[in-house]
Amino acid sequence: MGNQITRKRYPEAFYQKLGYLFYSVAKSDKKISPAELVALQQIIREDWLSLDDTIDAYGSDTAYQIHIIFDFLYEKDFYSESAYTIFSRYFKEHLALFSEDVIDRIIHSATRIADSLNGHNKSELQALTRLHMLIGKENHIV
């Protein structure tokens, strides 16, 4: 066991705030398509389950908090702008959690959500641009 790699553990709130972000991208055009919901499920499995081994109080991988929050916001018809503001505030207050790897995962995930229906539209492109500017990736705008 001496060769185990120590991985950073991410708090439940981290994944919850990602749920706010991905919801804000999906809802930026005022609607959420079934394709975006399917994409979110794939994104969690492919991009976020491998980040750490943290489990929540119910024994599930904490990454599923992304989907739980997304669904909650969807049911409440939460405003895209408000969801983005919540993520933005969390990002600025917890910069140490956002390594280059995490930022790349966020960009990849947000872009996949925006592209999931028929490529991203003007509203989704604006949401992606704003995200890139927030996290310092403005030179990599899709």
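Examine segment 100-123 for a residue that is modelled with pLDDT under 95, surrounded by 14 or more Cβ atoms within 10 Å (Cβ to Cβ), in contact with a Ser or Thr (Cβ under 6 Å, 6 or more places away or on another chain) and assigned to a helix (DSSP H, G or I), and state whether such a residue exists.
So far as segment 100-123 goes, yes, one or more of its residues are modelled with pLDDT under 95, surrounded by 14 or more Cβ atoms within 10 Å (Cβ to Cβ), in contact with a Ser or Thr (Cβ under 6 Å, 6 or more places away or on another chain) and assigned to a helix (DSSP H, G or I).
Only one of Tyr23, Tyr64, Tyr74, Tyr10 is farther than 20 Å from Ser116 by Cα and of a type in the set (Ser, Thr, Tyr); which?
Numbers: Tyr23 fails: farther than 20 Å from Ser116 by Cα; Tyr64 fails: farther than 20 Å from Ser116 by Cα; Tyr74 fails: farther than 20 Å from Ser116 by Cα.
Just one listed residue meets the conditions, Tyr10.
Looking only at segment 61-87, which residues are surrounded by fewer than 13 Cβ atoms within 10 Å (Cβ to Cβ) and assigned to a loop (DSSP other than H, G, I, E, B)?
If the condition is that a residue be surrounded by fewer than 13 Cβ atoms within 10 Å (Cβ to Cβ) and assigned to a loop (DSSP other than H, G, I, E, B), then Lys76, Asp77 are the ones that fit.
The values are calculated or read from the model by the stated rules, or taken from the named source; none is laboratory data. These figures come from a predicted structure and were not determined experimentally. Ideal geometry is used to build each Cβ from the backbone, glycine not excepted, and the neighbour counts take in all protein chains shown.
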